[in-house]
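Chemist: Dropping a structure here in structure tokens format, bear with me for questions.
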Amino acid sequence: MGAIYGIGGMVLIILIIVGLAIFFEYKRRQEMETLARQFHFRFFPKDESGLLEQLEVFDLFTKGHSREIRNIMERRIKSRDILMRVFDYRYVTGSGKNSSTYNQTVIYFQSEHLHLPQFILHPESIFHKIGEAFGFKDIDFPAYPAFSKHYRLVGKPEARVRGAFTPPILTFLEQEYTQKRRWWVEGQNHELIVYRKNKRASAKNMVEFMKVSTQIFDYFVETGTEPS
């Protein structure tokens, strides 16, 4: 009898956990939809247009498995020739007890005013520093030691990547890092994504998140780094 009660208790706990997960996801969707209306974005609760496949040109969207895009806010700003999307992205690495789930809010920009080389920027970890000792170098800027210390930048061709990362961008990212805001940025051609790994922006912080991401976008527009 005790075993039966034990199993029943486990089932109840699982049902509660699942129920809470469903509730919080529902609440998240409602918050994102409200924000979309407030800022004149279109809202799509699910990816029904093949957005995930379109974004697989970025490294983020090739990681792990069970990838899913939800709560898409989309707006085309005609006056600036910008298509902007804000959405939640989830993926899983590993399996079973060794699995890890990553949830992050991503902001995507597409604009003919962007002329970017292919690059990936993210905070540098101890593993990257060890890799550098074995010859896995990234792109550093001696005049900006804090940026070079805290961020790993890779891309090609290197000359164009260096041209895209102008002093204002480097200074801005250094300052953001000191404020414990560690950004991940990927770019190529007319597209740019900005996010913080495994960080979903709350409804309360979404305005600031969009503001900073747009600042990063504007810095890259100002570089005007067209292919040579």
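Chemist: Report, by residue number, each residue of the stretch 83-99 that is among the hydroxyl-bearing types (S, T, Y), in a strand (DSSP E or B) and free of Cβ contacts under 8 Å to residues at least 40 places away in the same chain. Lay out the reasoning, then the answer.
Modeler: Applying the first criterion (among the hydroxyl-bearing types (S, T, Y)) to the stretch 83-99 yields 89, 91, 93, 95, 99.
This time we only want the ones that are in a strand (DSSP E or B), so: 89, 91, 93.
If the condition is that a residue be among the hydroxyl-bearing types (S, T, Y), in a strand (DSSP E or B) and free of Cβ contacts under 8 Å to residues at least 40 places away in the same chain, then Y91, T93 are the ones that fit.
Chemist: Further question on the same structure: Output the residue which, of all residues in the stretch 211-222 that are out of contact with any strand residue (DSSP E or B) (no Cβ under 8 Å at 6 or more places or on another chain) and closer than 13 Å to E112 by Cα, is modelled with the lowest pLDDT.
Modeler: Here the residue is E222.
Chemist: Mind counting the residues in the stretch 113-149 that are assigned to a loop (DSSP other than H, G, I, E, B) and at pLDDT below 55? So that I can check it myself, show each step before the final result.
Modeler: Restricting attention to the stretch 113-149, the residues satisfying the condition of being assigned to a loop (DSSP other than H, G, I, E, B) are 113-115, 124-125, 134-144.
Within this subset, residues satisfying the condition of being at pLDDT below 55 are 134-135.
Total satisfying the criteria: 2.
Chemist: Identify the residue in the stretch 83-112 that is over 13 Å from the mean Cα position of the chain (by Cα) and closer than 11 Å to L192 by Cα and, among all such residues, is surrounded by the fewest Cβ atoms within 10 Å (Cβ to Cβ).
Modeler: Kept after step one, since they are over 13 Å from the mean Cα position of the chain (by Cα), are these residues of the stretch 83-112: 83-84, 92-101, 110-112.
Now drop any that are not closer than 11 Å to L192 by Cα, which leaves 83-84, 110-111.
On the way: L83: 15, M84: 21, Q110: 17, S111: 18.
The selected residue is L83.
Chemist: Under 7 Å between Cβ atoms, which residue pairs at least 6 apart in sequence (or on different chains) link something in the stretch 179-190 that is under 16 Å from H115 (Cβ atoms) with a partner that is part of a loop (DSSP other than H, G, I, E, B)?
Modeler: Within 7 Å, the pairs are E186/F58; H190/E112; H190/L114.
Chemist: Sticking with this structure for a sec: What pairs can you find where one residue is in the stretch 23-48 and surrounded by 13 or more Cβ atoms within 10 Å (Cβ to Cβ), the other is part of a helix (DSSP H, G or I) and of a type in the set (G, A, S), and their Cβ atoms are less than 6 Å apart, with a gap of 6+ or different chains?
Modeler: F43/A36
Chemist: Output the number of the condition that Y151 fails; it satisfies all remaining conditions of (1) farther than 21 Å from T214 by Cβ; (2) free of Cβ contacts under 8 Å to residues at least 60 places away in the same chain; (3) surrounded by 17 or more Cβ atoms within 10 Å (Cβ to Cβ).
Modeler: That leaves (1) as the condition not met.
Chemist: Report the residue count in the stretch 177-194 for those that are outside any strand (DSSP E or B), under 17 Å from the mean Cα position of the chain (by Cα) and either buried (at least 21 other Cβ atoms within 10 Å of the Cβ) or at pLDDT below 95 (or both).
Modeler: Final tally of qualifying residues: 4.
Chemist: Among the residues of the stretch 59-71, are any touching a residue at least 40 places away in the same chain (Cβ under 8 Å), under 23 Å from W183 (Cβ atoms), part of a strand (DSSP E or B) and basic (K, R)? Even if it seems obvious, please write down each step before you answer.
Modeler: Within the stretch 59-71, the first condition is being touching a residue at least 40 places away in the same chain (Cβ under 8 Å), and the residues that meet it are 59-60, 70-71.
Going one step further and asking which of them are under 23 Å from W183 (Cβ atoms), we end up with 59-60, 70-71.
The next check asks that each one be part of a strand (DSSP E or B); those that pass are 70-71.
In the following step, the residues that additionally are basic (K, R) were identified as 70.
Yes, some residue in the stretch 59-71 is touching a residue at least 40 places away in the same chain (Cβ under 8 Å), under 23 Å from W183 (Cβ atoms), part of a strand (DSSP E or B) and basic (K, R).
Chemist: I'm checking my understanding of the structure. Among residues of the stretch 73-82 that are assigned to a strand (DSSP E or B) and among the basic types (K, R), which one is farthest from the chain's Cα centre (by Cα)? If you could, list the steps in order and put the result at the bottom.
Modeler: Let us first name the residues in the stretch 73-82 that are assigned to a strand (DSSP E or B), namely 73-77, 82.
Applying the additional criterion that residues be among the basic types (K, R) yields 75-76.
Details: R75: 18, R76: 19 Å.
Of everything passing the filter in the stretch 73-82, R76 is farthest from the chain's Cα centre (by Cα).
Chemist: What residue, of K211, K204, K197, is without any contact (Cβ under 8 Å) to a residue 12 or more places away in the chain, in a loop (DSSP other than H, G, I, E, B) and either crowded, with 16+ Cβ neighbours inside 10 Å or not aliphatic (A, V, I, L, M) (or both)?
Modeler: On the way: K211 fails: in a loop (DSSP other than H, G, I, E, B); K197 fails: without any contact (Cβ under 8 Å) to a residue 12 or more places away in the chain.
The conditions single out K204.
The values are calculated or read from the model by the stated rules, or taken from the named source; none is laboratory data. Not measured: the values here are computed from a predicted model. No Cβ is skipped: glycine too gets one built from the backbone with ideal geometry, and neighbour counts run over all protein chains shown.
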